[in-house]
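Asker: First, the structure itself, so that you have it in front of you.
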Amino acid sequence: MHDRSQYDRPVGHGHGSRRRKVGGQRSLAPMDIAMLQRSAGNLAVTRLIGLQRAGAVPGVEPEPTTVPRTRPVQRAFFGSSRDADLGATMAARRRQRLDHEYGPLVGPHRVKEESELAEDGDVRLNPVWYRLENFPPGLLLDRGKSAVWCFSVGARGEILMGSEDITTVVEDEEWARLLTAMQEKDPTLTMDELQLRLNSSGHPTIAAGFQSLGRTQVKPARVSGELLWNAELERFEINDKSGRYMSKKVRAGLQRADAVRWMTTVADRMTRHFGVPIGMANSKYGG
């Protein structure tokens, strides 16, 4: 039985300590059933993930205070206007670099109400949501060559991953355990209904951001697509197939050279993280 802490973190955490044997090799433990149950139950995320506490803006002076002329006027300084200008310049350069390497933030073109929004109107977090740095490399091989993973690059260049076809990455034993757990609350729930709840959670559920109190919200994204196995070339590769974040509806005039550059950056980072070559498919949306 899982402890309660597992209900407050994405499935991309805490897998490294348990392993099982698959196909003669040591592989990662099954996915976090508690997290899958949480998503299937359509509950809001209650933990802030990746948020940083906002601080004071340097270089901003408080409004002068009116005091009697007989007293000296004292003003507090939190840095100079030169520091503020330098900070703004550095932030602008950082955005330009990220735009060049991963594409500008856009979209999504739309969000599917029937499968990507919770009952309270918040966007659902993908049931198998990971940050790339938390994605166990062995899981890519463990789930086989039929698994379809998706990715989106966020505002700060973070690579976020999940799956729109959950049935390709969750194994039969895990589905059975999840159904048993869910039927404790809803005895009439069937396997087909359960899989329908979890499937069709596309890129908006992967690029989702977090508000105060852990509520999720729809976010724009940079380059987005899929990570899957190419049987013909016998390699893993990424593509830019994301109608919500890559189509001409949100990226009018997208040039192929730009899309290729963005995907190359992502493929290189994935190669370093997974320890296996990650190739790149032909750009679908670049004109």
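The values are calculated or read from the model by the stated rules, or taken from the named source; none is laboratory data. For clarity, every value in this text was computed on a predicted model and none was experimentally measured. Cβ sites come from the backbone with ideal geometry, for glycine too, and all protein chains shown count toward neighbours. For accessibility, only protein heavy atoms count, side chains too; no ligands or nucleic acids. Shrake-Rupley method; radii C 1.70, N 1.55, O 1.52, S 1.80 Å.
Asker: Rolling a 1.4 angstrom probe over the protein chains, ignoring ligands and nucleic acids, what is the accessible area of Lys219 in square angstrom, nearest 10?
Answerer: About 80 Å², rounded to the nearest 10.
Asker: Rolling a 1.4 angstrom probe over the protein chains, ignoring ligands and nucleic acids, what is the accessible area of Ile159 in square angstrom, nearest 10?
Answerer: Using a 1.4 Å probe on the heavy atoms, I get roughly 0 Å².
Asker: Using the basic label-point model (7 angstrom from Cα toward the beta carbon), what is the Val276 to Asp99 distance in nanometres?
Answerer: That separation, rounded to one decimal, is 3.7 nm.
Asker: So, one more: Pulled fully out, how much extra length does the chain show between Gln211 and Glu193, if you take 0.36 nm times their separation in residues and subtract their Cα-Cα distance? Numbers along the way, then the final one.
Answerer: Numbers: separation 18, 0.36 × 18 = 6.48 nm, distance 2.98 nm.
Here the segment from Gln211 to Glu193 would lengthen by 3.5 nm.
Asker: Further question on the same structure: Roll a 1.4 angstrom probe over the protein heavy atoms and tell me the percent of accessible area of segment 164-233 that is carbon or sulfur.
Answerer: Details: 1650 of 3390 Å².
So the carbon and sulfur contribution to the accessible surface is 49 percent.
Asker: Working out 0.36 nm times the residue gap between Ala91 and Arg110, then minus their Cα-Cα distance, what length gain in nm do you get to one decimal?
Answerer: On the way: separation 19, 0.36 × 19 = 6.84 nm, distance 2.90 nm.
Going from the current span to full extension adds 3.9 nm.
Asker: Another question about this same structure. Gap in Å between the Cα centre of segment 221-259 and the Cα centre of segment 111-144?
Answerer: When both Cα centres are located, 18 Å separates them.
Asker: At 7 Å along Cα-to-Cβ for each site, give me the label-to-label distance between Ala252 and Thr180 in nm.
Answerer: Rounded to a tenth, the inter-label distance reads 5.5 nm.
Asker: If you don't mind, there's one more thing I want to ask. At 1.4 Å probe size, what's the solvent-accessible area of Leu228? Round to the nearest 10 Å².
Answerer: Here the accessible area works out near 40 Å².
Asker: Can I ask one more? Efficiency by 1/(1 + (r/R0)^6): what FRET value for Glu173 and Ser200, r their Cβ-Cβ distance, R0 = 22 Å, to the nearest 0.05? Spell out each step's value before the answer.
Answerer: Details: r = 23 Å, r/R0 = 1.03.
Working from the Cβ atoms, E equals 0.45.
Asker: Here's another thing I want to ask about it. Quick one: what are the phi-derived ³J(HN,Hα) couplings along segment 98-110, Karplus 6.51/-1.76/1.60 with θ = phi - 60°, whole Hz, x for glycine and proline?
Answerer: Residue by residue, segment 98-110 yields 5, 4, 6, 7, 10, x, x, 6, 8, x, x, 4, 6 Hz.
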